[in-house]
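To start, the structure under review is shown below, and the notes come after it.
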Amino acid sequence: DEWQNLRIVVEDTSVRCYLDDLLVHIHRIAMIPYLTSVSTWDQTTNGLIVKLVNPSEYILDTELDIHGNGNGIGVLNGEQIILTSGQPTDTNTMDQPTRIIPTATLFYQEKNIYSIPAYSVVILKIKL
């Protein structure tokens, strides 16, 4: 039987594992994206649909760089549908079936910065 020395070093962006002072494994820690997005062009309405997901506890200001809209540079208007809740663990139940419901409103912005609420899914239907 032989003793071996195991050492694990955890840093901001990596974890390094040593066996008898020999580096045997490095794991790079990837950042979890706070914002996920996807967009598509709706040919029937000549509009842009942008879906934004913010799973974080923070309001995220994001730049929407859209070329080709006839509204002018930085001007965005259309409909926004927001599904959000105060806590990520909130759910609808039989007793509270409307705790989390989407809200649809019109929006108009003269700047291309859009604030995404915490713990939310946002669908923007932007007029081009």
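The values are calculated or read from the model by the stated rules, or taken from the named source; none is laboratory data. Because the structure is predicted, anything quoted here is derived from the model rather than measured. Cβ: placed from backbone, ideal geometry, glycine included. Neighbour counts: every protein chain shown. Keep in mind that these areas ignore ligands, DNA and RNA; they rest on the heavy atoms of the full protein, side chains included. Shrake-Rupley method; radii C 1.70, N 1.55, O 1.52, S 1.80 Å.
Mind checking whether some residue in the range 9-24 is assigned to a strand (DSSP E or B), touching a Cys at 6+ places or on another chain (Cβ under 7 Å) and either modelled with pLDDT of 95 or more or open to solvent by less than 60 Å² (accessible area, probe 1.4 Å) (or both)? Yes, the range 9-24 contains at least one residue that is assigned to a strand (DSSP E or B), touching a Cys at 6+ places or on another chain (Cβ under 7 Å) and either modelled with pLDDT of 95 or more or open to solvent by less than 60 Å² (accessible area, probe 1.4 Å) (or both). Pairing each residue of the range 1-16 that is of a type in the set (S, T, N, Q) with any residue that is open to solvent by 100 Å² or more (accessible area, probe 1.4 Å), provided the two are 6+ apart or on different chains, yields C-beta distances under 6 Å for Ser14/Arg28. Entry remark, the range 30-62: residues being in contact with a strand residue (DSSP E or B) (Cβ under 6 Å, 6 or more places away or on another chain), open to solvent by less than 100 Å² (accessible area, probe 1.4 Å) and part of a loop (DSSP other than H, G, I, E, B) number 1 in total. Within the range 103-128, residues that are closer than 23 Å to Ser56 by Cα and of a type in the set (Ser, Thr, Tyr) have Cβ atoms under 8 Å from residues that are open to solvent by 60 Å² or more (accessible area, probe 1.4 Å) and assigned to a loop (DSSP other than H, G, I, E, B) in these pairs: Ser115/Ile59; Tyr119/Pro55; Tyr119/Glu57; Tyr119/Gln87; Tyr119/Pro88, counting only partners at least 6 apart in sequence or on another chain. For the range 85-128, which positions are under 16 Å from Tyr34 (Cα atoms) and aromatic (Phe, Trp, Tyr)? Across the range 85-128, the qualifying residues are Tyr114, Tyr119.
Screening the range 63-128 for strands (runs of 3 or more DSSP E) wholly inside it with 2 or more residues that are open to solvent by less than 60 Å² (accessible area, probe 1.4 Å) and modelled with pLDDT of 95 or more returns the ranges 76-84, 120-127.
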